[in-house]
């Protein structure tokens, strides 16, 4: 499906919205010196392959919509 997106610089680009067929989104664990453990992961909700856009190596450019999921365990010293 054709999709128009707004880029960070305010310009727009068109591309093709693609369905994610498989995904692995592991948790990242950060242990902080106060004993807190922060868990986070990025969840991709949309992928758009931009038309007429290539990176410096000639590869296609993809625009991702990502949501961050964060959890706090063992809040540490308060």
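What follows is calculated from the coordinates using simple rules that are stated; it is not laboratory data. None of these values were measured; they are calculated from a predicted model. With ideal geometry, Cβ positions are generated from the backbone for all residues, glycine too; neighbour counts draw on all protein chains shown.
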Report the relative contact order of segment 1-60, percent, no decimals, based on alpha-carbon pairs under 8 angstrom and at least 6 residues apart. 31 percent
For the residue pair residue 17 and residue 44, what label-to-label distance in nm results when each label sits 7 Å from Cα along the Cα-to-beta-carbon direction? 1.6 nm
Taking one equal scatterer on every alpha-carbon of the chain, how large is log10 of I(q)/I(0) by Debye at q = 0.15, 0.20, 0.27 1/Å? -0.69, -0.90, -1.23
Gain on full stretching of the segment that runs from residue 1 to residue 37 - 0.36 nm per residue minus C-alpha separation: 8.9 nm
